[in-house]
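K.L.:
Pasting in a structure now, in structure tokens, and then I'll have a few things to ask.
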Amino acid sequence: RGDEVYPLPDGPDLHMVLAFSEQPAATPEVYRAWDDSLTSTGSQCKVSDFAPWSPGVGSPTVENDLEEAAIRLRPSLKELRHVLEASGARSVAMTGSGSTFFGIYESEGAARAGLRRVREAGYPAVAARGISRAERERSLWMEADGGVSQG
């Protein structure tokens, strides 16, 4: 219900590639194409849905319920997904309501190789990595201090 909130452990050191479609789908359009309700009576949310790296949970998998609707609207998104899969990503999913996909790789080197393959296929893409809460806090302090670390 949202009345009890507890921090989850930081996730693993993820190496990712974000790949961008040049045919975005508008968020309202994607939601209209999605037939299911956001709160399905057939399933319940579990911690593993939000943090698959939490203690006692198996290897991370990712999925986005809006992906199918976005691909129905923009079939070219399926090709972008396939390019990321073929580039060596161990998991691939769409972000938000689309048109960007991300791939998670085993290592920084694998992500760099994946980035090259995605770009060679003609898609704009960037490499990224997950950061811990501590790294995020440090970056916020640096922004507030104009880029000067307070040590």
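The values are calculated or read from the model by the stated rules, or taken from the named source; none is laboratory data. Predicted, not measured: the structure shown is a model, and the values here were computed from it. We place every Cβ from the backbone using ideal geometry, glycine too, and count neighbours over all the protein chains shown. Just so you know, the surface numbers come from the protein's heavy atoms only, side chains and all, with ligands and any DNA or RNA stripped out. Shrake-Rupley method; radii C 1.70, N 1.55, O 1.52, S 1.80 Å.
K.L.:
I'd like the accessible area for Thr27: 1.4 Å probe, protein heavy atoms, all chains in place, Å² to the nearest 10.
P.N.:
Counting only protein heavy atoms, the figure is 70 Å².
K.L.:
Please turn the phi angles of region 115-126 into ³J(HN,Hα) values with the Karplus equation 6.51 cos²θ - 1.76 cosθ + 1.60 (θ = phi - 60°), one per residue in order, whole Hz, x for glycine and proline.
P.N.:
4, 4, 5, 5, 5, 4, 7, x, 9, x, 7, 9
K.L.:
Once you charge only the Cβ atoms, +1 for Lys and Arg and -1 for Asp and Glu, what is the size of the charge dipole of region 71-151 about its Cα centre, to the nearest 20 debye? Numbers along the way, then the final one.
P.N.:
Values: 13 positive and 9 negative charges, 77 e Å.
Charge dipole, region 71-151, about its Cα centre: 380 debye, nearest 20.
K.L.:
Under a 5 Å amide H to amide H cut-off, with H placed in plane at 1.01 Å, what residues pair with Ala25 once short-range neighbours are removed?
P.N.:
It is Ser99, by chain and number.
K.L.:
Here is a follow-up. Once phi is turned into ³J(HN,Hα) by the Karplus curve 6.51 cos²θ - 1.76 cosθ + 1.60 with θ = phi - 60°, what whole-Hz value does each residue of region 64-70 show in order, with x for glycine and proline?
P.N.:
Here the 3J(HN,Hα) series is 9, 4, 7, 4, 4, 5, 5 Hz.
K.L.:
Obtain the nm distance between the two label points defined at Arg90 and Ser139 by a simple spin-label model: each point lies 7 Å from its Cα along the Cα-to-C-beta direction.
P.N.:
So the label points at Arg90 and Ser139 sit 2.2 nm apart.
K.L.:
For a label point 7 angstrom out from the Cα of Arg119 toward its Cβ, which stretches of region 68-82 have the backbone nitrogen within less than 20 Å?
P.N.:
80-82
K.L.:
While we're on this one: Using modelled backbone amide H atoms (1.01 Å from N, in-plane), which distant-in-sequence or interchain residues come within less than 5 Å of Arg90's amide H?
P.N.:
Ile104, Tyr105, Glu106
K.L.:
Then there's this: I'd like the carbon and sulfur percentage of the solvent accessible area for region 78-139, probe radius 1.4 Å, heavy atoms only, ligands and nucleic acids excluded. It would help to have the intermediate numbers written out before the result.
P.N.:
Details: 1600 of 3280 Å².
Using a 1.4 Å probe with all protein chains present, region 78-139 comes out at 49 percent carbon and sulfur.
K.L.:
Add +1 for every Lys or Arg and -1 for every Asp or Glu among the other residues with Cβ under 13 Å from the Cβ of Asp145, and state the total.
P.N.:
Details: positive: Arg138; negative: Glu137, Glu143.
Taking every Cβ under 13 Å from that of Asp145, the sum is -1.
K.L.:
Could you run the Karplus curve 6.51 cos²θ - 1.76 cosθ + 1.60 with θ = phi - 60° over region 80-89 and give me ³J(HN,Hα) per residue in whole Hz, x for Gly and Pro?
P.N.:
4, 4, 5, 4, 5, 4, 5, 7, x, 5
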